[in-house]
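Derivation of every value follows stated rules applied to the coordinates shown; laboratory data play no part. Worth saying up front: this structure is predicted, and the values here are computed from it rather than measured. Cβ sites come from the backbone with ideal geometry, for glycine too, and all protein chains shown count toward neighbours.
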Amino acid sequence: MKEDVGLGAYSVCKRCIHKITSVEYAVKVYDDGKYVYLVMELMRGGELLDRILHQKSFSERETSAVLCTITKTMEYLHSQGVVHRDLKPSNILYVDETGDPESIRICDFGFAKQLRAENGLLMTPCYTANFVAPEVLKKQGYDAACDIWSLGILLYTMLAGFTPFANGPDDTPEEILARIGSGKYALIGGNWDTVSNAAKDIVTKMLHVDPHQRLTAPQVLRHQWIVNREQLSQSQLIRQDIQLVKVRRKT
């Protein structure tokens with residue numbers, strides 16, 4: 001094992017090299033009295049968050065491809081009754097620096113939960129403020145639809161360059177959560193003047209405040225903006241300076 005590549009609440013992640021093949025991997029080390037090692041793919045391409053911050057702009061075609069890859073993964077997880085509950089750009093990683101949307105991986109399943117209750121609902125509010133769905137805040141039960149909301153926020157952020165419910169770095173988590181509860185956001189003016197109507201349509205349907213009317217993962221994958229992405233513009237969207245507000249996630 002070599003140097004640390006990440007440190008989480010439950011483990012430390014190190015770079016390691018296979019002694020025989022010399023292939024590099026990432027290994028998570030858990031310590032609960034005995035050592036347990038979880039060997040995984042080594043992700044060298046960084047976070048989607050870094051790409052949003054440094055690339056400054058995406059084309060609609062690239063954004064659609066990224067959303068498609070992530071949603072396919074979520075479709076499988078949801079089919080197995082698993083809810084991630086913490087989808088955000090910092091939990092989306094690239095295998096390498098090419099930026100190929102097919103190389104995207106979802107990480108950090110620390111909040112993930114399997115739906116087991118008789119009513120099929122989760123009750124514990126686990127979230128990161130900018131990406132939490134309104135129904136999670138109501139504490140009346142929620143399901144996999146909360147992940148689609150988070151994906152909608154991620155999509156909005158890639159298209160616009162900022163999250164829909166944070167006005168600036170000085171916003172408090174309480175202010176952000178209050179805006180999320182209202183479900184009101186803008187898709188007109190500024191950056192949105194260069195975004196297609198199809199993109200705005202899928203954002204609206206993924207960010208429906210009523211989880212029962214929100215798109216499911218299969219419905220997202222069948223949306224025209226995903227299915228016909230080869231016809232989308234490859235021109236970089238014109239965006240304002242990015243201000244992504246980082247807040248601590250809540251358990």
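Overview of results
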item: Förster radius 25 Å - calculated FRET efficiency between Ser196 and Asp50, Cβ distance, rounded to 0.05; result: 0.45
item: Contact order relative to length of the range 48-250, as percent, for alpha carbon pairs under 8 angstrom and 6 or more apart; result: 31 percent
item: Cβ-derived FRET efficiency at R0 35 Å, Gln224 paired with Ser90, nearest 0.05; result: 0.75
item: Helix-only CD estimate at 222 nm, as mean residue ellipticity for the chain, using -39500 (n - 2.57) per DSSP H run (n ≥ 4); result: -9000 deg cm²/dmol
item: Label-point separation in nm, Gln236 to Thr98, each point 7 Å along Cα→Cβ; result: 2.1 nm
item: Cα-Cα over 28 Å, subset of Lys2/Lys113; Lys88/Lys139; Lys113/Lys200; result: Lys2/Lys113; Lys113/Lys200
item: Contact order relative to length of the range 43-101, as percent, for alpha carbon pairs under 8 angstrom and 6 or more apart; result: 74 percent
item: Per-residue HN-Hα couplings for the range 90-97 [Karplus 6.51, -1.76, 1.60; θ = phi - 60°; Hz; x = Gly/Pro]; result: 6, 9, 10, 10, 9, 5, 9, 8
item: The range 126-233, relative contact order [Cα under 8 Å, separation at least 6], %; result: 30 percent
